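Colleague: Dropping the structure in here first, questions after.
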Amino acid sequence: MALLEIRNLSRRFGDYTAVDNISLSIEAGEFFTLLGPSGCGKTTLLRMIAGFDVPDAGQILLDGVDLTGVPPEQRPVRTVFQNYALFPHMTVAQNIAFPLEMAKTPKGEIQTKVDEALEDVRLTGFAARYPHELSGGQRQRVSIARALVTHPKLLLLDEPLSALDAQLREQMQIELINLQKEVGITFIYVTHDQAEALALSHRIAVMNKGTVEQLDEPTRIYSYPQSRFVADFIGTCNLFDGTITQIEGNTMWLDVPSMGMVKTSTVPDARVGAKGTIALRPEKTLVSAEIVRGVADENHFDGHVKELLYMGGVTVYIVETEGGARLETLLANSAIGRPRFFEVGDAVDVAWRIDAGHFIVDGAHG
Ligand SMILES: Nc1ncnc2c1ncn2[C@@H]1O[C@H](COP(=O)(O)OP(=O)(O)OP(=O)(O)O)[C@@H](O)[C@H]1O
Ligand SMILES: [Mg+2]
């Protein structure tokens, strides 16, 4: 049995549906992420799990028990918010001890539990400080310690790192992965940052307009987006509309206006005449100065470099094919003595393996 089961959950505000008939289940010990653009319903969903908001329809079951009517403080669920929400007049230790005191934990146990929680978030020695004497990252660690100290079954984190700068975020991401492994508590993490979701999660639910568009492991979300929305939202992706003209075993031929015939791997719901979109990641393409044709398991197109973006480790090249299609490609600047490989105007060949482009059949979602 799943730890958390959400069944046909909906929440409307007036005639606006913020959460639209969502069903999903989360296993014990998972690092589960809700990912989606601003306003897609992530916080609303989280608030209903915590009990701060009441669904208009559907059920939430924890360990098989329906949570309808259970007040937030009686749910084995804790939430960490973006804005820390620490008590400014209390020390770190007093902040962390607060939920234990509310739960009438014996005095003798409180000290030990607070010390353990401080150790979990690597803040041993900070017990006597006040929130204003801490950095942003340290404050957020205190919030997490305070949420973990009662050993909830579920920890909800709503954009907990979004107030931190890029470098600190990355460090905190690594700490969160380790912390979740150590304490073994199920995390439901909310973010609109796709890179963060990919880095942290065991599974991701990609949300759009109150619904879940795709629920999968990070590598599958990235490599096999099920809808145009997911392909576009997760990382950079070239998207080309086309029509299937031929299917032979594992290979399909697609007619793409502005490019011509493009081959991709066959997808389950493919049939000749069906329209859809090819999703192709820049790093799956190869740009070279040599014009190549007729390699059986690759696509090749002639083009010119239209624009380039030097980014240090890599250079992004926008290549325009003879038919007028624009492709974003990427090359690592790894050759010794070469800051980059091409200049604007250079004639190039863009190639990618048949299985590098993923075809999304129209109407498959979103
Ligand atoms: N109390 C409320 N009353 C009316 N509308 C609300 C209320 N709470 C949320 N909404 C609306 O519901 C939609 C979903 O909001 P929600 O806060 O869940 O989005 P989110 O995915 O968390 O976005 P963000 O990434 O910006 O935090 C939004 O359009 C929002 O305006
Ligand atoms: Mg939100």
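The values are calculated or read from the model by the stated rules, or taken from the named source; none is laboratory data. Keep in mind that this is a model prediction, so the values were computed, not measured. Glycine also receives a Cβ, built like all others from the backbone with ideal geometry; neighbour counts cover every protein chain displayed. Ligands, DNA and RNA are excluded from the accessible area calculation, which covers all protein heavy atoms including side chains. Shrake-Rupley method; radii C 1.70, N 1.55, O 1.52, S 1.80 Å.
Colleague: Report yes if Val319 is free of Cβ contacts under 8 Å to residues at least 40 places away in the same chain, assigned to a loop (DSSP other than H, G, I, E, B) and assigned by TED's automatic domain parsing to the domain that holds Thr264, otherwise no. Outline the logic, then answer.
Modeller: Working: free of Cβ contacts under 8 Å to residues at least 40 places away in the same chain: yes; assigned to a loop (DSSP other than H, G, I, E, B): no; assigned by TED's automatic domain parsing to the domain that holds Thr264: yes.
The answer is no for Val319.
Colleague: Only one of (1) open to solvent by 80 Å² or more (accessible area, probe 1.4 Å); (2) assigned to a strand (DSSP E or B) fails for Ser334. Which number is that?
Modeller: Checking Ser334 against (1) open to solvent by 80 Å² or more (accessible area, probe 1.4 Å); (2) assigned to a strand (DSSP E or B), the one that fails is (2).
Colleague: For a quick check of your reading of the model, give me the residue pairs whose first member lies in the range 196-213 and is assigned by TED's automatic domain parsing to the domain that holds Gln226, whose second is of a type in the set (Asp, Glu), with beta-carbon atoms closer than 6 Å and at least 6 apart or on different chains.
Modeller: Here the result reads His202/Glu30; Arg203/Glu217; Val206/Glu213; Gly210/Asp20; Thr211/Asp20, each pair linking the range 196-213 to a residue that is of a type in the set (Asp, Glu).
Colleague: Tell me which residues, restricted to the range 290-311, are surrounded by fewer than 15 Cβ atoms within 10 Å (Cβ to Cβ), touching a residue at least 40 places away in the same chain (Cβ under 8 Å) and among the charged types (D, E, K, R).
Modeller: Answer for the range 290-311, where residues must be surrounded by fewer than 15 Cβ atoms within 10 Å (Cβ to Cβ), touching a residue at least 40 places away in the same chain (Cβ under 8 Å) and among the charged types (D, E, K, R): Glu290, Asp297.
Colleague: Restricting attention to the range 187-197, and to residues there that are surrounded by 18 or more Cβ atoms within 10 Å (Cβ to Cβ) and of a type outside the set (Gly, Ala, Ser), which single residue is nearest to Ala147 (Cα to Cα)? First the steps, then the outcome.
Modeller: Kept after step one, since they are surrounded by 18 or more Cβ atoms within 10 Å (Cβ to Cβ), are these residues of the range 187-197: 187-192, 194, 196-197.
This time we only want the ones that are of a type outside the set (Gly, Ala, Ser), so: 187-192, 194, 196.
Values: Phe187: 11, Ile188: 13, Tyr189: 14, Val190: 16, Thr191: 18, His192: 22, Gln194: 25, Glu196: 21 Å.
Among those that are surrounded by 18 or more Cβ atoms within 10 Å (Cβ to Cβ) and of a type outside the set (Gly, Ala, Ser), it is Phe187.
Colleague: Going through the range 224-243 one residue at a time, which ones are closer than 19 Å to Ala199 by Cα, of a type outside the set (A, V, I, L, M, F, W, C) and open to solvent by 40 Å² or more (accessible area, probe 1.4 Å)? Walk me through how you get there before you give the answer.
Modeller: Restricting attention to the range 224-243, the residues satisfying the condition of being closer than 19 Å to Ala199 by Cα are 224-225, 230-237.
Restricting the remaining residues to those that are of a type outside the set (A, V, I, L, M, F, W, C) gives 224-225, 232, 235-236.
The answer is Tyr224, Asp232, Thr236.
Colleague: Still on this structure, I have one more. Considering every residue within the range 26-45, establish whether at least one is among the aliphatic types (A, V, I, L, M), away from ligand 1 (no atom under 16 Å from the Cβ) and open to solvent by less than 10 Å² (accessible area, probe 1.4 Å).
Modeller: yes
Colleague: Does Pro72 meet the test of being surrounded by 14 or more Cβ atoms within 10 Å (Cβ to Cβ), free of Cβ contacts under 8 Å to residues at least 40 places away in the same chain and more than 16 Å from ligand 2 (Cβ to nearest atom)?
Modeller: yes
Colleague: Going residue by residue through the range 4-27, is there one that turns out to be in contact (Cβ under 8 Å) with a residue 60 or more places away in the chain, closer than 20 Å to Leu215 by Cβ and assigned to a loop (DSSP other than H, G, I, E, B)?
Modeller: Yes, there is a match, as at least one residue in the range 4-27 is in contact (Cβ under 8 Å) with a residue 60 or more places away in the chain, closer than 20 Å to Leu215 by Cβ and assigned to a loop (DSSP other than H, G, I, E, B).
Colleague: Here is a further query. Which of the following residues is in contact with a helix residue (DSSP H, G or I) (Cβ under 9 Å, 6 or more places away or on another chain) and open to solvent by 10 Å² or more (accessible area, probe 1.4 Å): Gly184, Gly136?
Modeller: Working: Gly184 fails: in contact with a helix residue (DSSP H, G or I) (Cβ under 9 Å, 6 or more places away or on another chain).
Being in contact with a helix residue (DSSP H, G or I) (Cβ under 9 Å, 6 or more places away or on another chain) and open to solvent by 10 Å² or more (accessible area, probe 1.4 Å) holds for just one of Gly184, Gly136, which is Gly136.
Colleague: Taking the range 190-240, which residues are under 23 Å from Glu175 (Cβ atoms) and of a type in the set (S, T, N, Q)?
Modeller: Thr191, Gln194, Ser201, Thr219
Colleague: Looking only at residues that are open to solvent by 10 Å² or more (accessible area, probe 1.4 Å) and either within 30 Å of Gly235 (Cβ to Cβ) or within 12 Å of ligand 1 (Cβ to nearest atom) (or both) in the range 46-60, which one is nearest to the chain's Cα centre (by Cα)?
Modeller: Of everything passing the filter in the range 46-60, Arg47 is nearest to the chain's Cα centre (by Cα).
Colleague: Okay, next question. Among the residues of the range 156-204, which ones are within 16 Å of ligand 1 (Cβ to nearest atom) and either of a type in the set (Ser, Thr, Tyr) or part of a strand (DSSP E or B) (or both)?
Modeller: Answer for the range 156-204, where residues must be within 16 Å of ligand 1 (Cβ to nearest atom) and either of a type in the set (Ser, Thr, Tyr) or part of a strand (DSSP E or B) (or both): Leu156, Leu157, Asp158, Ser162, Ile188, Tyr189, Val190, Thr191, Ile204.
Colleague: When you look at Arg141, is it surrounded by fewer than 23 Cβ atoms within 10 Å (Cβ to Cβ), at pLDDT below 95, more than 16 Å from ligand 2 (Cβ to nearest atom) and not in a strand (DSSP E or B), yes or no? Before the answer, list the steps.
Modeller: Values: surrounded by fewer than 23 Cβ atoms within 10 Å (Cβ to Cβ): no; at pLDDT below 95: yes; more than 16 Å from ligand 2 (Cβ to nearest atom): yes; not in a strand (DSSP E or B): yes.
When the stated conditions are applied, Arg141 does not pass them.
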